[in-house]
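Please read the structure below before turning to the comments.
The values are calculated or read from the model by the stated rules, or taken from the named source; none is laboratory data. The model shown is predicted, which means the values in this text are computed figures rather than measured ones. Here the Cβ positions follow ideal geometry from the backbone for every residue, glycine too, while neighbour counts run over all protein chains shown.
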Amino acid sequence: MPLPVKCIFHIEENFLSGVFFEVPEELTKWHQVGERLGFGPEDVFDWMVIENGHVKGAYTLRVTREQLGSEKEKQEYDSYIGISSYEPI
């Protein structure tokens with residue numbers, strides 16, 4: 001299960017760190033909102049970059065979005081995440 005983490009890449013150390021901005025209920029035993037987590041680039045299996053509302057990547061997020069029932073739900077989902085458009089894959 002992908003975890004929603006805002007990440008920073010530390011170039012010199014070849015290391016990523018991120019802070020959880022949301023934690024699924026079933027994972028709150030191990031992680032909390034605001035917790036910082038460190039990991040190597042080899043641990044990344046999905047990614048996204050949002051610039052001015054335009055998202056690149058976000059492969060898992062796109063699958064989740066497509067499973068929503070209506071266009072209204074998709075628009076609410078996009079609004080919650082801060083996405084106004086999706087770049088082509």
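So which residues in the range 70-89 are in contact with a Lys or Arg (Cβ under 7 Å, 6 or more places away or on another chain) and free of Cβ contacts under 8 Å to residues at least 12 places away in the same chain, if there are any at all?
Passing the criteria: only LYS74.
Can you tell me which of GLU87, GLU26 is farther than 24 Å from ILE8 by Cβ and either charged (D, E, K, R) or in contact with a His (Cβ under 6 Å, 6 or more places away or on another chain) (or both)? Give the derivation first.
Details: GLU87 fails: farther than 24 Å from ILE8 by Cβ.
When all the criteria are applied, what remains is GLU26.
Surrounded by 10 or more Cβ atoms within 10 Å (Cβ to Cβ) and over 15 Å from the mean Cα position of the chain (by Cα), is that true of HIS10? Give the steps one after another, and end with the answer.
Working: surrounded by 10 or more Cβ atoms within 10 Å (Cβ to Cβ): yes; over 15 Å from the mean Cα position of the chain (by Cα): yes.
Yes: the conditions hold for HIS10.
Looking only at the range 1-60, how many residues end up being among the small types (Gly, Ala, Ser) and under 21 Å from ASP78 (Cα atoms)?
Taking the range 1-60 and keeping what is among the small types (Gly, Ala, Ser), we get 17-18, 34, 38, 40, 53, 57-58.
Retained after the next criterion (residues that are under 21 Å from ASP78 (Cα atoms)): 53, 57-58.
The qualifying residues number 3.
When you go through (1) assigned by TED's automatic domain parsing to the domain that holds ASN14; (2) surrounded by 12 or more Cβ atoms within 10 Å (Cβ to Cβ) one by one for VAL33, which number turns out not to apply?
(2)
Which condition number in (1) aliphatic (A, V, I, L, M); (2) touching a strand residue (DSSP E or B) at 6+ places or on another chain (Cβ under 6 Å); (3) without any contact (Cβ under 8 Å) to a residue 12 or more places away in the chain is the one that VAL63 fails?
If we test VAL63 against (1) aliphatic (A, V, I, L, M); (2) touching a strand residue (DSSP E or B) at 6+ places or on another chain (Cβ under 6 Å); (3) without any contact (Cβ under 8 Å) to a residue 12 or more places away in the chain, just (2) comes out false.
Could you check the range 62-89 and list, in sequence order, the residues that are under 17 Å from the mean Cα position of the chain (by Cα) and hydroxyl-bearing (Ser, Thr, Tyr)?
THR64, TYR77, SER79, TYR80, SER84, SER85, TYR86
I need a count of the residues in the range 13-30 that are surrounded by 13 or more Cβ atoms within 10 Å (Cβ to Cβ) and part of a helix (DSSP H, G or I). Break it down into steps so the answer makes sense when it comes.
In the first step, residues of the range 13-30 are kept if they are surrounded by 13 or more Cβ atoms within 10 Å (Cβ to Cβ); the result is 15-20, 23.
Remaining after also requiring part of a helix (DSSP H, G or I): none.
The number of residues fulfilling the criteria is 0.
Within 21 Å of GLY82 (Cα to Cα) and touching a Pro at 6+ places or on another chain (Cβ under 6 Å): does that describe THR60? Step through it out loud before you land on a result.
Values: within 21 Å of GLY82 (Cα to Cα): yes; touching a Pro at 6+ places or on another chain (Cβ under 6 Å): yes.
Yes: the conditions hold for THR60.
Out of all the residues in the range 46-60, is one or more touching a residue at least 40 places away in the same chain (Cβ under 8 Å), part of a helix (DSSP H, G or I) and surrounded by 12 or more Cβ atoms within 10 Å (Cβ to Cβ)?
Checked the range 46-60: at least one residue is touching a residue at least 40 places away in the same chain (Cβ under 8 Å), part of a helix (DSSP H, G or I) and surrounded by 12 or more Cβ atoms within 10 Å (Cβ to Cβ).
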